[in-house]
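One structure is given here, and the rest of the page talks about it.
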Amino acid sequence: MSEERVTSEAYTKTVDTWKNTNEDERGVDVGQIRAQLNLTVAERVRQMVHSANVFMTVQENARRFREAQTQ
Amino acid sequence: MIFDPVQICAILNEERVDYVVVGGFAAVVRGSSLPTRDIDIVPSRVPENLDLLARALTRMNAKIRIDGDSVPTKIDGAFLANMPFMLNLVTDFGEMDLTFAPAGRAGGYDGWRAGATLETISDGLMVVVASLDDVIDSKRTANRAKDQAALPYLESLRDELRRRSREIPNAITMYQTAHDRKDVAASLAQFTLDARVVDDGRTYEGIDGVETFLRKAGSEYTYTRTVISAEEITAKCWRVTNRLEGNFPGGQVDLSYEFHLEGELIARLTIAP
């Protein structure tokens with residue numbers, strides 16, 4: 001990477017080209033919505049339940065770590 | 001603690017409880033990818049149903065959830081009947097909220113049930129799920145910070161669903177929804193008199209042949225249908241891919257439905273894997 005790319009001006013140009021053309025007027029990624037709608041209902045539920053349980057496990061582990069730190 | 005809303009619904013169904021799934025879980029069923037860690041239901045307040053609900057909750061070892069703690073309580077029909085608005089519970093399968101009168105125009109169970117549909121959330125498990133319109137209206141009315149955060153996404157989801165259903169010609173939509181509920185007359189009304197249906201290599205000619213096909217198709221099994229894609233091939237030809245899930249061998253199949261229209265009706269339908 002050349003030094004030119006780390007100037008703020010260069011980053012501004014780069015950010016412009018990163019604009020997400022999948023976003024609608026609300027700023028919502030419609031591509032993500034369409035990908036979700038391609039799943040069946042059962043697949044959506046399975047994915048959500050898995051994500052929720054992973055999230056809760058991460059939260060619980062973080063909580064235990066914090067408690068251990070304060071002891 | 002695990003979150004297993006499928007098991008919660010399975011127990012509710014086994015006890016024959018009348019309820020509608022609402023809130024974030026209902027939104028997931030409708031296509032939302034916003035996370036949720038509990039399941040919200042609106043149960044019927046009919047006394048017999050509250051007794052059945054109490055039995056289901058006892059099976060799940062439900063406790064009242066207050067400020068992060070769980071309080072064991074004897075839950076019976078009379079107890080539930082005394083709950084005016086809401087009961088927050090924690091069960092062996094995760095958190096669950098009973099909402100007797102959620103915010104929004106739908107009101108109580110009857111209002112939510114009117115707009116709800118039966119959906120398959122897991123193999124062989126069908127539950128009544130609130131419409132996305134009712135979920136959005138409820139969140140807009142409740143107007144909590146988390147509702148405000150979710151609304152743009154849910155409204156864009158609704159726009160996409162409307163766009164998908166609007167573009168498909170009426171005859172195709174009417175045929176598919178009538179066929180889903182096994183309404184042969186309403187399905188048949190979408191075909192021309194000299195229509196032809198080809199299904200699994202077999203041809204059914206004319207309106208009588210199409211009627212034979214409609215009576216035969218899906219008569220052995222129960223299934224739910226999800227539109228995977230809908231593509232306009234020409235002005236008079238559409239290809240719709242439907243994913244069927246049910247109690248037939250294999251449990252799931254994607255089928256391509258090619259519709260050729262004459263005027264407003266279906267003249268030819270070819271169904272193939």
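For the reader, a short list of remarks on this structure follows.
- Take the conditions (1) over 16 Å from residue B:169 (Cβ atoms); (2) modelled with pLDDT of 85 or more; (3) part of a strand (DSSP E or B); residue B:228 misses just one of them, which is (2).
- Test: residue in region B:52-59 that is outside any helix (DSSP H, G or I) and surrounded by fewer than 19 Cβ atoms within 10 Å (Cβ to Cβ): no
- Inter-residue pairs, beta-carbon under 7 Å, first over 27 Å from residue B:123 (Cβ atoms) and in region B:202-226, second part of a helix (DSSP H, G or I) and of a type in the set (Phe, Trp, Tyr), 6+ apart: B:204/B:213
- Looking across region B:202-229, the residues that are touching a His at 6+ places or on another chain (Cβ under 8 Å) and either farther than 15 Å from residue B:184 by Cβ or of a type in the set (A, V, I, L, M, F, W, C) (or both) come down to B:214, B:217.
- Among residues of region B:140-159 that are within 14 Å of chain A (Cβ to nearest Cβ) and touching a residue at least 60 places away in the same chain (Cβ under 8 Å), those with a beta-carbon under 7 Å from a residue that is of a type in the set (Val, Ile, Thr) and open to solvent by less than 60 Å² (accessible area, probe 1.4 Å) at least six positions away or on a different chain give the pairs B:153/A:28; B:154/B:135; B:154/B:136; B:157/A:33.
- Selection count where residues are over 21 Å from residue B:63 (Cα atoms), open to solvent by less than 10 Å² (accessible area, probe 1.4 Å) and out of contact with any Leu (no Cβ under 8 Å at 6 or more places or on another chain), scope region B:27-51: 1
- Extreme residue, nearest to residue B:107 (Cα to Cα), among residues of region B:61-96 that are hydroxyl-bearing (Ser, Thr, Tyr) and assigned to a strand (DSSP E or B): B:91
- Residue identified as more than 21 Å from residue B:90 (Cβ to Cβ) and within 14 Å of chain A (Cβ to nearest Cβ) among B:33, B:44: B:33
- Chain A holds helices (runs of 4 or more DSSP H) entirely within its bounds, and those carrying 3 or more residues that are at pLDDT 60 or above, open to solvent by less than 100 Å² (accessible area, probe 1.4 Å) and facing chain B (nearest Cβ under 10 Å) map to A:30-37, A:41-70.
The values are calculated or read from the model by the stated rules, or taken from the named source; none is laboratory data. The structure presented is a predicted model; accordingly, all values stated were derived computationally and were not measured. In this analysis, Cβ positions are derived from the backbone assuming ideal geometry, glycine residues included, and neighbour counts consider all displayed protein chains. The area values use the complete protein model at the heavy-atom level, side chains included, leaving out ligands, DNA and RNA. Shrake-Rupley method; radii C 1.70, N 1.55, O 1.52, S 1.80 Å.
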